[in-house]
Structure formats: C-alpha cells, structure tokens
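> Have a look at this one.
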Amino acid sequence: MDFAIEEINKNPLLLQNMSLGFDIYNVLHTEWRTLEPPFFWLFLSDKVVPNYNCRRESKSVAALTGPSRITSAHTGTLLQLYKIPQLTFGSFDPILSDHDKFTSLYQMAPKETSLVLGMVSLMLHFRWTWVGLFISEDHRGFQMLSDLREEMDKHRICVAFVEMIPVSTVSFFPKTWSKHHHIIKSSANVIILYGDSDFLEVLMNTLREILMTGKVWVMNSQWDVIRSHIHLILDSFHGQLIFSHHHGDISGFRNFIQSANPSKYPDDFYLVSLFLVFLNCSFSESQCGTYKKCPHNASLTWLPGNRFETAMSEESYNIYNAVYAVAHTLHEMLLHQIQMQTVGNGKWMVFSPSQLHPFMKSIQFNNPAGDQVTLDEKRKLEAEYDILNFWNFPEGLRHKVKVGKFSPYGLHGQQLSLHEDLIEWNSQTLENPHSVCSKSCGPGFRNSPQQGKAPCCFDCIPCPDNEISNGTDMDQCVKCPDHQYANRDKNHCLQKSVTFLDYEDPLGLALACIAVIFSVLTAAVLVVFMKHRDTPIVKANNRALTYILLISLTFCFLCPLLFIGRPSMATCILQQTTFGIVFTVVTSTVMAKTLTVILAFNVTSPGKRMRWLLVSRTPNYLIPICTLIQLTACGIWLGTSPPFIDTDTNSEHGHIIIVCNKGSVVAFYCILGYLIFLAFGSFTVAFLARNLPDTFNEAKFLTFSMLVFCSVWVTFLPVYHSTKGRIMVAVEVFSILASSAGILGFIFGPKCYIILLRPERNTLYGFRNKTHSMYNEGSES
C-alpha cells in the first residue's frame with residue numbers, strides 16, 4: 001500500500017495537486033471485537049452515541065478490508081450504513097457479491113471459476129486419478145467440493161476421501177487425528193487443500209506436527225506458506241504445488257523494499273518491529289525514527305524468505321489494485337466536477353464517500369503492470385494461475401519456484417504448461433509421484449471394476465480371443481475385423497493370410513498322392529481283369545458290372561482332387577455333384593452284383609422266373625434307375641441353393657480359409673443319406689447271400705465292403721460336425737478315399753490274389769476238385 005500511494009503521488013497525470021494518505025487499523029481475529037476498529041475509525045471512539053459523530057470533517061473516502069471474509073463481512077454491515085466504499089483484498093467470495101446485502105462492497109480478487117479446471121488439468125497431466133480432499137466446511141468449501149466432484153467425474157478421477165473441517169475447529173484437528181489415521185495409510189498420494197488464507201494458515205501449522213512424506217499437497221493459496229517459525233529438515237509440505245493468481249511484474253517494487261527503513265518511514269511501526277527483531281537494530285530514545293547499531297545499508301532484502309517475502313503476494317497485489325482503483329475513481333470524479341464547474345473558489349474539496357459509488361462501479365483501467373482492473377464483477381476476466389512449487393531447506397529456509405501456468409484462455413489441451421524439471425517432490429525419488437487406486441491396465445487388458453469400490457479401483461482382465469486394446473485403462477476390448485486377427489499381446493490387429501487345402505500343404509499333398517495312387521491301382525486292377533476276362537473268376541461275377549464298378553471307383557479316387565486347391569465356383573459345384581453321382585453308380589453297381597449272385601445260385605429249373613431275370617440282366621437296370629434319382633436330387637439342389645465360394649474367418653487363428661459352402665445343408669445330407677441307404681440295402685442283400693457256395697461267390701466280400709462303406713460315412717457325420725476349416729474338407733476327402741478303398745480292397749483284393757498269385761484256382765478243374773474234396777469230407781463225417 002505504501003508503494004502504490006508513493007507511485008500515485010509521484011504520477012503527474014493522476015490526481016494533480018492532491019496526495020493520498022492512509023490510516024491502518026488492526027482487526028483482531030475474535031468475531032466479537034471485529035467492529036472495534038471500524039467504530040474507532042468512524043467515531044474516534046469505540047463507544048457509539050446514536051446520531052452523533054465526533055469527527056466533524058474526515059478525509060477518508062474508502063476502506064480496504066481483508067483478507068478474512070468474516071472481517072470484511074462484519075465491517076461491511078457497518079460501512080454500508082454510511083455508504084462508505086469498501087474494497088476487500090481477500091479471496092473472492094460469492095456471499096460478498098450479494099449487492100442487496102452489501103451495497104457498498106467491492107471485491108478486488110478475481111473469480112475462482114477456473115481454479116477447478118486448473119487443478120483437474122494438473123491431475124490429468126500427471127495421471128493422478130486417486131485424490132484426497134481437505135476442504136473448509138463453509139459455503140465456499142461446499143461449492144468447491146461440488147465443482148471438483150463434477151469436473152473430476154468427467155475425467156474419471158476419483159475421490160479417495162473427503163475431510164470437511166469446520167473453520168472454528170481447525171486448530172484442534174491434530175487432537176482428533178487418531179480418528180483420521182486412514183489418511184496416512186491411504187494410497188492417495190495427492191491431497192487438495194482448499195480454504196481461505198486464515199483456514200490454510202492454521203491448518204498447515206497444525207498438520208506440520210504430523211510428518212507425512214510421499215504426499216503431494218495441492219492448494220489454492222500461498223498465504224503464509226513461507227512464513228513459519230518451525231524449522232524442520234523434513235517437512236510434510238515440501239514439494240507442494242500452489243495455485244496463485246497470475247499478475248504482471250510490478251517494476252520498482254523490489255527497489256522500494258530494498259530502500260525501505262524506519263528513517264524513511266518513521267510512522268510505520270511494523271517496519272520498525274522488523275528491523276528491531278530480525279536485523280538486531282536499536283533505536284535512539286529521543287529520536288524514534290533514528291536507528292543505530294545496524295549493519296551498513298541494512299535492508300529487508302537481507303531477511304530469508306521465511307521471515308519476510310519480498311515478492312508481491314496475491315493479497316498485496318489486490319491492495320495495490322485497490323489503491324489505484326480509489327485513485328482513478330477520485331480522478332474521474334475530479335474531472336467530472338471540473339466539467340460541471342462545481343469546483344468552488346480554490347478551497348480544498350471535501351468528497352463525500354457516497355459520491356464515489358457511481359464512478360467506482362464503472363471504473364476500468366490498466367495498472368502499471370499492464371493488467372486490466374475493474375470493480376464490475378460482470379466485466380471481470382477469468383483468473384489465470386501461476387503454479388508454484390514449495391522448496392524446504394534446513395534452518396527454516398524456504399523458497400517458492402514458479403514451475404508452470406494455467407490459463408483458461410488457452411487452446412484445449414494447451415491451457416496448462418509445466419516445467420517438470422523444476423519441481424521438487426516430497427519423496428525419496430526423482431520420479432513423478434503416482435496416485436492411483438489401481439495400476440493402469442496396459443495394452444491387451446481391460447478394466448474390470450471392483451465391486452463396491454470407486455470406478456478408479458479395478459482389476460486388469462486380459463482381452464478375449466481375437467479382441468484387442470491398444471491403450472491404457474480401456475473399459476472394453478475391441479474385436480478385430482473379420483479379415484484381421486489379434487496378435488499374441490492382443491494390442492494390435494494383424495492382417496489374416498488367405499489359405500485353403502492346397503497341394504503345397506502337407507495334408508493336401510498327402511491326400512492328393514493317396515488319391516492318385518489308389519486311382520492308378522484301380523486302373524491297374526481294371527487292366528488285370530480285362531486281360532483275364534475269359535477266366536472263370538472274372539466271367540462268374542458279371543464282367544460288365546465289374547468293369548463299371550472299377551471305372552466308377554477310379555472316378556471316386558479322383559473325386560478328392562476337386563476338394564484340393566483354391567476353390568472356384570466350378571469346383572464347388574462339381575465337388576458335391578460328382579461325389580454324389582459317382583458314389584451312386586458304385587453303390588448301385590454293388591447292389592446289382594449282389595442281386596446277380598443271389599439269382600445265379602437260386603436258379604434250379606429253366607422255367608423258373610429267376611432264370612428269366614438272370615438271363616435278361618434285370619439287376620443291371622438298377623444302376624441307371626438309382627443314378628437318375630440321384631441326378632434329379634442334384635438338379636433340384638443346384639436349382640434352389642447351389643454351393644458357392646465362402647470364407648471361414650474363425651476356424652484357424654490368423655487365417656482366412658476359402659471354402660466351398662454347400663448352400664443347402666439339407667440337400668447335402670439328403671444325397672449322403674441316399675448313398676447310405678443304397679449301401680445299407682446292398683449290405684442287407686449280400687448278408688442274406690453269405691451261406692452260398694464261395695468258390696467264385698463274392699457275396700461275403702460285398703457284405704464286408706458295404707459294411708466298411710456304411711461305417712465310414714456314419715462315423716463321418718459326428719467327426720465332420722466337430723471340425724472346422726481345412727480339417728473339415730480333409731475329413732470329407734478322407735471319408736471318400738476310405739470308403740472307396742474299402743470297396744476296392746474287399747471286393748477285388750481276393751480276386752486279384754487268385755488271378756495273380758494262385759492262377760491254378762482260376763479254372764473249372766480247380767473248382768471241381770475243390771468241390772469233390774469237400775463232398776468226400778462230408779461223407780466220411
């Protein structure tokens with residue numbers, strides 16, 4: 001205030017021919033004695049006589065009060081009766097903004113609407129999601145708690161605990177600390193302190209009695225952080241972060257502090273006390289303002305920061321602006337009176353304090369630091385904040401360092417700026433402190449909330465198959481598209497490779513080789529039978545049907561080649577139709593051969609009908625009839641829901657399998673069921689003919705071949721449904737090969753053995769000898 005008044009009095013452009021002065025009154029912290037200084041200032045006595053004022057002429061035109069809200073509020077109720085302008089330099093308080101209740105009060109401090117945003121931005125910057133709160137239990141504290149919770153919820157920051165401390169009992173807080181031991185044990189390493197300067201001063205001094213290392217304190221005021229007489233090497237508040245209103249630098253203020261001494265300001269008893277106590281000076285009794293026995297050029301700048309802070313605090317800056325606001329108001333009123341020619345005849349103008357209100361409400365100017373000052377709350381700008389870091393040194397030496405700034409006018413994401421390398425933390429390490437309920441879930445995991453706890457407390461659950469999370473603390477895993485798959489760490493989707501049952505695949509190559517070998521073997525058997533077509537064993541079993549069966553089996557063994565290789569529309573259609581038709585020919589041929597055997601051994605007389613059936617080769621007609629039925633079924637299948645090319649993205653990890661979709665599953669099982677029906681019919685007929693003479697009788701071999709055929713395809717059904725992808729195709733191919741090989745082996749294996757290895761039995765003489773020997777053995781028995 002001294003500095004501001006000196007600047008104004010030296011300014012020739014402001015209040016010409018007029019000087020500012022001031023009176024200082026100390027207000028005690030007891031509420032029942034708060035009004036004593038205002039009464040004495042107004043009436044020159046602490047005893048009030050109604051409607052009587054001892055001060056006939058007062059030069060005081062305004063009152064500066066603070067920093068306590070209670071002091072300003074109580075004083076305001078008195079000053080407004082006399083319409084005396086009151087300027088408060090404490091923190092902004094919404095209650096004091098009630099102009100119906102406080103008609104003459106003006107607040108110099110900016111609004112704290114952006115303080116919550118600044119604190120939450122700081123938490124987001126350091127990823128602090130688990131925070132404790134120490135808040136004064138008053139209207140400002142409740143409003144702050146509400147705003148903090150709302151903003152923290154938006155950004156998923158959780159409150160670990162809330163301590164609402166009544167202002168009247170804050171000094172007794174350590175005595176009840178046993179009830180609050182959970183605060184020390186809490187995993188929340190960041191604690192927000194909020195309250196007015198008086199509240200914070202008392203709370204911090206009491207909390208110093210309890211050493212809490214590893215905690216980061218974030219607070220809204222720097223009042224009395226430095227000035228403490230307790231010298232501790234370890235301090236609970238070392239490394240705290242303070243949000244202080246940003247203001248421009250006041251040029252000349254440090255020089256003013258450096259040159260201030262009791263000789264220059266003899267009436268300043270505060271200054272005299274500082275020199276007496278901290279600089280060990282003594283004063284002459286006759287000349288109060290003359291000090292002696294002081295170091296040469298003694299100055300307040302010699303004092304450490306815990307004794308006297310040379311930087312301008314928030315409250316000091318508010319006082320500085322308040323003095324300038326009064327000066328500018330007086331200047332504007334003076335100009336207005338000159339313009340209205342109401343100055344008088346040169347006598348000293350006596351201002352009535354109430355005359356200042358119209359000018360004070362509309363005043364707006366830039367102070368010497370370049371900051372805009374206005375007393376109209378609607379035109380006030382949102383506050384910007386400097387972020388200060390508190391350093392603690394031995395012997396009570398403490399220091400505040402500006403480490404960042406928060407501006408609500410910055411672009412989104414750029415409102416907060418920090419110099420992390422300048423921050424000293426209250427911990428044993430140089431790393432930034434952590435304050436989380438649960439450690440972050442890395443990529444490949446998702447958060448699973450813990451029941452009954454805050455959202456910030458969760459377990460990390462691995463992502464399911466084919467799902468990923470590529471960030472930290474993800475609530476849900478994201479499923480990879482069908483053409484991609486999750487990598488092993490489940491944090492990235494990779495492109496699937498296209499695959500199918502290929503000839504280059506070992507499985508595909510093996511099946512193809514087996515198919516070719518058996519088809520060649522079948523062709524060789526056909527050649528053997530054609531070469532020995534006139535032998536009894538070939539003639540006895542209907543050569544035509546044998547040739548048809550061998551040719552059909554050859555195509556059956558070649559049919560799997562349609563299933564191997566990259567599927568196309570043509571191969572997808574040919575796979576099932578070729579399979580169905582060729583196997584129909586095979587099973588119907590086996591049935592025709594079985595009926596032929598039965599007819600041949602049941603012909604007893606030339607006139608019998610069975611002889612006619614055998615001579616007319618009626619069983620051979622079964623082949624075209626059965627095949628025609630199968631062709632009709634295949635035609636209906638292709639006409640309604642034909643097979644088509646499809647992709648299977650789920651069967652094999654990391655692969656897209658190109659397969660032939662059967663189109664109509666019902667049609668496929670109808671064709672397969674028809675084949676099993678024919679095979680079961682052949683098996684039944686052959687089983688009935690098992691006791692016929694077996695020299696050239698193939699009934700038993702036909703029975704076993706159909707038994708194998710039915711067993712393979714009945715087993716095929718459950719196995720086929722339990723497999724996927726390429727294995728499903730391989731199962732169908734293997735079933736085709738196995739059933740075909742069973743027919744080839746059981747029907748033609750014994751015959752080839754006789755033809756190639758036992759040719760003596762492939763004659764009628766051999767047949768008669770065998771029959772005669774069997775007859776003799778029967779007679780002897």
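> How large is ³J(HN,Hα), in whole Hz, for each residue of the range 70-87 in order, when computed from phi with the Karplus curve 6.51 cos²θ - 1.76 cosθ + 1.60 and θ = phi - 60°, using x for Gly and Pro?
Rounded to whole hertz, the list is 4, 4, 5, 5, 5, 5, x, 5, 7, 5, 5, 5, 9, 6, 8, x, 10, 10.
> Out of residues 5 or more away from residue 190 or on other chains, whose amide H comes under 5 Å of its own, with H placed 1.01 Å from N in the peptide plane?
132, 216
> Ignoring any ligand, DNA or RNA, what whole percent of the accessible area of the range 446-503 comes from carbon and sulfur when the probe is 1.4 angstrom?
Looking at the range 446-503 in its full context, I get 48 percent from C and S.
> Name the residues whose placed amide hydrogens come within less than 5 Å of the amide hydrogen of residue 494, ignoring near sequence neighbours (fewer than 5 apart) on the same chain.
Residues meeting the criterion, in which the H sits 1.01 Å from N, are 485, 486, 487.
> Further question on the same structure: Can you classify the range 408-448 as rounded, prolate or oblate using the Cα gyration tensor, where a ≥ b ≥ c are the square roots of its eigenvalues, rounded means a/c under 1.5, and otherwise it's prolate if a/b beats b/c and oblate if not?
oblate
> If I model a spin label as a point 7 Å beyond the Cα along the Cα-Cβ vector, how far apart are those points for residue 13 and residue 547 in nm?
With each label point 7 Å from Cα toward Cβ, the separation is 12.5 nm.
> Using θ = phi - 60° and the Karplus curve 6.51 cos²θ - 1.76 cosθ + 1.60, what whole-Hz ³J(HN,Hα) does each residue of the range 142-157 get, with Gly and Pro shown as x?
So the Karplus estimates, Gly and Pro as x, are 5, 5, 5, 4, 5, 5, 5, 4, 5, 6, 5, 5, 4, 10, 6, 9 Hz.
> Let me ask another. List the residues, sorted by chain then number, that are 5 or more residues from residue 647 or on another chain and whose placed amide H is less than 5 Å from its amide H.
659
> Fully extended, how many nm does the chain gain between residue 720 and residue 100 (0.36 nm per residue separation, minus their Cα-Cα distance)?
Extra length from residue 720 to residue 100 when fully extended: 214.5 nm.
> Still on this model: Ordering 411, 145, 276 by how much accessible area each has at a 1.4 Å probe, largest first, what is the list?
Correct descending sequence by accessible area is 411, 276, 145.
> Also: In what order, largest first, do 247, 125 sit by accessible area if the probe radius is 1.4 Å?
Ranked from most to least accessible, the order is 125, 247.
> Starting from the Cα of residue 439, draw a straight line to each of the aspartates and glutamates and keep only those under 17 Å, dropping any in the same chain fewer than 8 residues away.
Of all the aspartates and glutamates, those that pass the test against residue 439 - Cα under 17 Å, at least 8 places apart if same chain - are 431, 459, 473, 475.
> Could you pull out every one of the aspartates and glutamates with an alpha carbon less than 18 Å from that of residue 378, ignoring same-chain neighbours closer than 8 positions?
93, 98, 100, 112
> Count the net charge of all other residues whose Cβ sits under 11 Å from the Cβ of residue 385, scoring Lys and Arg as +1 and Asp and Glu as -1.
Within the 11 Å Cβ shell, the charges total -3.
> If the only charges are +1 at each Lys and Arg Cβ and -1 at each Asp and Glu Cβ, what is the size of the charge dipole of the range 366-506 around the Cα centre, to the nearest 20 debye?
500
> Now for a different question. Whole-Hz Karplus ³J(HN,Hα) for the range 505-517, in order, using 6.51 cos²θ - 1.76 cosθ + 1.60 and θ = phi - 60°, x for Gly and Pro?
Per-residue couplings from phi come out as 6, x, 5, x, 5, 5, 5, 5, 5, 4, 4, 5, 4 Hz.
> Label the range 511-591 by shape, choosing from rounded, prolate and oblate, from the square roots a ≥ b ≥ c of the eigenvalues of the Cα gyration tensor; if a/c is under 1.5 it is rounded, and otherwise prolate applies when a/b is larger than b/c, oblate when it is not.
Cα axes put the range 511-591 in the oblate bin.
> Further question: Let me check something: with ligands and nucleic acids excluded, how do 213, 763 order by accessible area (1.4 Å probe), largest to smallest?
Ranked list, largest accessible area first: 213, 763.
The values are calculated or read from the model by the stated rules, or taken from the named source; none is laboratory data. No experiment lies behind these values; they were computed from the predicted model shown. No Cβ is skipped: glycine too gets one built from the backbone with ideal geometry, and neighbour counts run over all protein chains shown. Note: accessible area is taken over every heavy atom of the protein model, side chains too, but ligands, DNA and RNA are not part of it. Shrake-Rupley method; radii C 1.70, N 1.55, O 1.52, S 1.80 Å.
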